[in-house]
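Chemist: Right, I'll just put the structure down here and ask away after.
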Amino acid sequence: MVVMNVDELRAVQGPLKQQYRDDPDSAEVTLRAKANLDSAGVSCRVETGRAIAEAGLHPATGGDGTQLCSGDMLLEALSACAGVTLRAVATSLALDIRGGEVRAEGDLDFRGTLGVDRDVPVGFLRIRLSFDLDTDASAEQLATLVRLTERYCVVLQTLRTGPEVTVSLA
């Protein structure tokens with residue numbers, strides 16, 4: 001595990017920030033993910049960069065629970081991003097976070113997903129993100145920490161702002 005203090009974080013991020021100020025185009029990076037449809041059944045294999053994840057139907061849509069649900073994966077991405085962002089913000093604020101948990105929960109109404117009721121939206125109706133931290137930081141410091149984590153968490157901001165999404169068939 002790499003432990004970083006505020007000076008080390010600034011040393012790593014400082015040159016990047018300056019590069020992005022000097023050349024804004026260099027700050028735009030394309031991330032990629034792909035799923036292979038060569039698995040059996042109603043599933044696909046997602047390359048995570050570290051392993052292959054088998055995604056399939058949630059039990060509420062007919063799955064048997066042995067494969068990953070993409071809704072769970074979205075919440076996992078949110079909790080991971082919020083956790084990393086919180087750690088980076090805490091480091092930059094010189095706050096000692098000894099440990100804790102980041103929780104993401106989301107409510108779905110599967111009538112929309114299964115086409116049972118066209119008036120029910122497909123997707124999450126509500127998402128809750130919470131932090132349970134082991135720290136001696138003051139209430140004011142924690143409020144700043146959460147505010148900045150919300151501001152800079154890529155997945156959270158993507159969910160809130162809804163980016164332009166295009167779909168194509170190759």
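Chemist: Quick one: Val154 ticks every box in (1) under 14 Å from Val89 (Cα atoms); (2) surrounded by 15 or more Cβ atoms within 10 Å (Cβ to Cβ); (3) of a type in the set (Val, Ile, Thr) except a single one, so which number is it?
Modeler: For Val154, the exception is condition (2).
Chemist: Of the residues in region 118-134, how many are polar (S, T, N, Q) and either within 12 Å of Arg87 (Cα to Cα) or open to solvent by 60 Å² or more (accessible area, probe 1.4 Å) (or both)? Give the steps one after another, and end with the answer.
Modeler: Narrowing region 118-134 to residues polar (S, T, N, Q): 130.
Add one more test, that the residue is either within 12 Å of Arg87 (Cα to Cα) or open to solvent by 60 Å² or more (accessible area, probe 1.4 Å) (or both), and what stays is none.
So the answer is 0.
Chemist: Is it the case that some residue within region 136-148 is surrounded by fewer than 11 Cβ atoms within 10 Å (Cβ to Cβ) and of a type in the set (A, V, I, L, M)?
Modeler: yes
Chemist: Continuing with this model, one more query. Looking only at residues in region 41-75 that are in a loop (DSSP other than H, G, I, E, B) and aliphatic (A, V, I, L, M), which one is modelled with the lowest pLDDT?
Modeler: First pass over region 41-75, keeping only residues in a loop (DSSP other than H, G, I, E, B): 41-42, 48-51, 57-58, 62-67, 69.
Now narrow it down to the ones that are aliphatic (A, V, I, L, M): 42, 51, 57.
Values: Val42: 90, Ala51: 85, Leu57: 92.
Within region 41-75, the match that is modelled with the lowest pLDDT is Ala51.
Chemist: Going residue by residue through region 97-115, is there one that turns out to be of a type in the set (A, V, I, L, M), touching a helix residue (DSSP H, G or I) at 6+ places or on another chain (Cβ under 6 Å), at pLDDT 95 or above and within 23 Å of Glu8 (Cβ to Cβ)?
Modeler: yes
Chemist: Can you tell me how many residues in region 10-46 are surrounded by 11 or more Cβ atoms within 10 Å (Cβ to Cβ), out of contact with any Phe, Trp or Tyr (no Cβ under 9 Å at 6 or more places or on another chain) and under 18 Å from Val154 (Cα atoms)?
Modeler: 4
Chemist: Report, ordered by the first and then the second residue, all pairs with beta carbons closer than 8 Å, sequence separation of six or more or different chains, a first member in region 99-121 that is without any contact (Cβ under 8 Å) to a residue 40 or more places away in the chain, and a second member that is surrounded by 13 or more Cβ atoms within 10 Å (Cβ to Cβ) and among the acidic types (Asp, Glu).
Modeler: If the second residue must be surrounded by 13 or more Cβ atoms within 10 Å (Cβ to Cβ) and among the acidic types (Asp, Glu), the pairs left are Ala104/Glu76; Val120/Asp109; Pro121/Asp109.
The values are calculated or read from the model by the stated rules, or taken from the named source; none is laboratory data. These numbers come from a predicted model, not from an experiment. For neighbour counting, all protein chains shown are included, and Cβ atoms are generated from backbone atoms with ideal geometry for every residue, glycine included. Note: areas computed on protein heavy atoms with side chains; ligands, DNA, RNA excluded. Shrake-Rupley method; radii C 1.70, N 1.55, O 1.52, S 1.80 Å.
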